[in-house]
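Asker: Sending over a structure as structure tokens; questions will come in a sec.
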């Protein structure tokens, strides 16, 4: 696969399984209805595992614009590849969300409550407070990226032809990392920690013919996009600073 195709398919699988578990828990008359937060966070962790396994050998498995931007800022990824990765991730996320809707279409019809349906596409804050919601997304993504940076030294293997990403770490550690973030830091905003994960599905929610559909909540939509990008950038800055200090022997 080309890196573009790998990022598209990897992100598609991430959202198909991630939003799929949310739909399974929230929509009426599913086998997983009312499964709870543990089921959702575990499902998202395993969704990351699948996405990384598929995309890793071909693109490095970023499957997240915050990962792509952070690695570029840290000097571990070419800026020339950033636009194509971001486009593939958003398109893949939208496609994955479309497949969730097709898969659970009968259950969407059975489900009342527009916000419940929106929650199977995009994130919704538990308490709407833009400052604290933004902080939650910044903090969650900072934990994601600073841990990724210290899982491995991606800049040491210059001979590797596959672009650096989550695949260089291994699918299992990344899956556990996302699971931990969901369990510990996901209760406020639903831990998007990935702009494509929220933006692509929110776009699909806006255009799909969903019965009893609520607003797609575009007033909030900037938070799960900007927050992860800021959190990842901050992590890249801290990592760069610590690496520089280590090289100086400080």
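The values are calculated or read from the model by the stated rules, or taken from the named source; none is laboratory data. These numbers were taken from a predicted model, which means no experiment stands behind them. A quick note on method: Cβ atoms are made from the backbone with ideal geometry, for glycine too, and the neighbour counts reach across all protein chains shown.
Asker: Please go through the range 204-220 and give me each residue that is in a helix (DSSP H, G or I) and surrounded by 20 or more Cβ atoms within 10 Å (Cβ to Cβ), ordered by number.
Answerer: Within the range 204-220, 204, 205 qualify.
Asker: Report, by residue number, each residue of the range 23-45 that is touching a residue at least 40 places away in the same chain (Cβ under 8 Å) and outside any helix (DSSP H, G or I).
Answerer: 27, 28, 29, 30
Asker: Same structure, new question: List pairs: first residue in the range 177-189 and modelled with pLDDT under 95, second residue surrounded by 21 or more Cβ atoms within 10 Å (Cβ to Cβ) and in a helix (DSSP H, G or I) anywhere in the structure, Cβ distance under 9 angstrom, at least six positions apart or on different chains.
Answerer: none
Asker: Ok, one more. Could you list, in sequence order, all residues of the range 221-237 that are surrounded by fewer than 15 Cβ atoms within 10 Å (Cβ to Cβ) and not in a loop (DSSP other than H, G, I, E, B)?
Answerer: Result: 226, 237.
Asker: Okay, moving on. Going through 55, 66, 88, 61 one at a time, which residue ends up being in a loop (DSSP other than H, G, I, E, B) and either on the phi > 0 side of the Ramachandran plot or buried (at least 22 other Cβ atoms within 10 Å of the Cβ) (or both)?
Answerer: 61
Asker: Continuing with the same structure: Looking at the range 71-80 only, could you name the residues that are in a helix (DSSP H, G or I) and either within 19 Å of residue 149 (Cβ to Cβ) or within 17 Å of the chain's Cα centre (by Cα) (or both)?
Answerer: Within the range 71-80, 71, 72, 73, 79 qualify.
Asker: Are there any pairs, at least 6 apart or on different chains, whose C-beta atoms fall under 9 Å, with the first in the range 108-132 and on the phi > 0 side of the Ramachandran plot and surrounded by fewer than 17 Cβ atoms within 10 Å (Cβ to Cβ) and the second part of a loop (DSSP other than H, G, I, E, B) and at pLDDT below 95, and if so, which?
Answerer: Within 9 Å, the pairs are 113/212; 113/214.
Asker: State whether one or more residues within the range 156-167 are assigned to a helix (DSSP H, G or I), under 30 Å from residue 58 (Cβ atoms), under 15 Å from the mean Cα position of the chain (by Cα) and modelled with pLDDT of 95 or more.
Answerer: Checked the range 156-167: no residue is assigned to a helix (DSSP H, G or I), under 30 Å from residue 58 (Cβ atoms), under 15 Å from the mean Cα position of the chain (by Cα) and modelled with pLDDT of 95 or more.
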